[in-house]
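Worksheet for the structure shown next.
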Amino acid sequence: MTATLTLYTNPWSRGRIARWMLEETGAPYETVILDYDTTMKAPEYLAINPMGKVPALRHGDRVVTECAAICAYLADAFPEAGLAPAPAERADYYRWMFFAAGPLEQAVTNHAVGWDPDPERRRMFGYGDYASTIETLATAIGGRDFVAGPRFTAADVYVGSAVIWGMQFGTIPELPDFAAYRDRLGSRPALARARALDDAAAEALQKETRG
């Protein structure tokens, strides 16, 4: 695809996931850095994402939001990067990417702010409870190098980001399989490039704030 790619993001946000995914594709893209309190809530950006949240990806005249959707979309838009399994082999790919986007995201964020469902209400929540969600994540990662098969895919960008961030901030436990997975993904050149770009953007924002 030759349409222009534009990433709308903030370096202290989940936009880091989309940046990593873009770097994995190898496709050229533009970046628009938004501030939480001003440009992210401005009418120009709300026309792109009415939630006023980042990241958002514009590809030509199409817009994709939500990190898991961005990862899946880019894997399909740039098949030459090899970031999605063959269609007949995508069961684990879809399963674990959207498990991380749904149950894992909800369980970890709720638990992090000190709230867990009462036992009698757990059936109302897609994840049930934090402990079983972490146990399920362990089945996705334990005994394998990557979550969707023998090679790295876009699912590892999304699931891996959840594990890396969760272990960094203490919202996901330091289990041996999780640590090994984090370290394995940490050696990827695309992740190093993405981190360097976001760290530079964060430094630039700090300088602007200090005047």
Seminar exercise, completed: Pairing a residue in region 183-211 that is farther than 12 Å from Ile33 by Cα and in contact (Cβ under 8 Å) with a residue 12 or more places away in the chain with any residue that is hydrophobic (A, V, I, L, M, F, W, C) and part of a helix (DSSP H, G or I), where Cβ atoms lie under 6 Å and the two sit 6 or more apart in sequence or on different chains, gives Leu191/Trp20; Ala194/Trp20
Exercise. Is one or more of the residues making up region 72-82 loosely packed, with under 14 Cβ neighbours inside 10 Å, touching a helix residue (DSSP H, G or I) at 6+ places or on another chain (Cβ under 8 Å) and outside the structural domain of Ser161 (by TED's automatic domain parsing)?
Worked result: no
For this session: Scan region 11-21 for residues that are within 19 Å of Ala204 (Cβ to Cβ), in contact (Cβ under 8 Å) with a residue 60 or more places away in the chain and either in contact with a Pro (Cβ under 9 Å, 6 or more places away or on another chain) or β-branched (Val, Ile, Thr) (or both) and report the count.
Result: 3
Exercise. Picking from Asp92, Asp156, which residue would you name as being in contact with a strand residue (DSSP E or B) (Cβ under 6 Å, 6 or more places away or on another chain), in a helix (DSSP H, G or I), touching a residue at least 24 places away in the same chain (Cβ under 8 Å) and under 24 Å from Arg19 (Cα atoms)?
Worked result: Asp156
Problem set entry | Given (1) in contact (Cβ under 8 Å) with a residue 60 or more places away in the chain; (2) aliphatic (A, V, I, L, M); (3) closer than 24 Å to Glu80 by Cα, number of the condition Val147 does not satisfy | (1)
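The values are calculated or read from the model by the stated rules, or taken from the named source; none is laboratory data. None of the values given here were measured: they were computed from a predicted structure. Quick reminder, even Gly has a Cβ in these numbers, built from the backbone with ideal geometry, and neighbours come from all protein chains shown.
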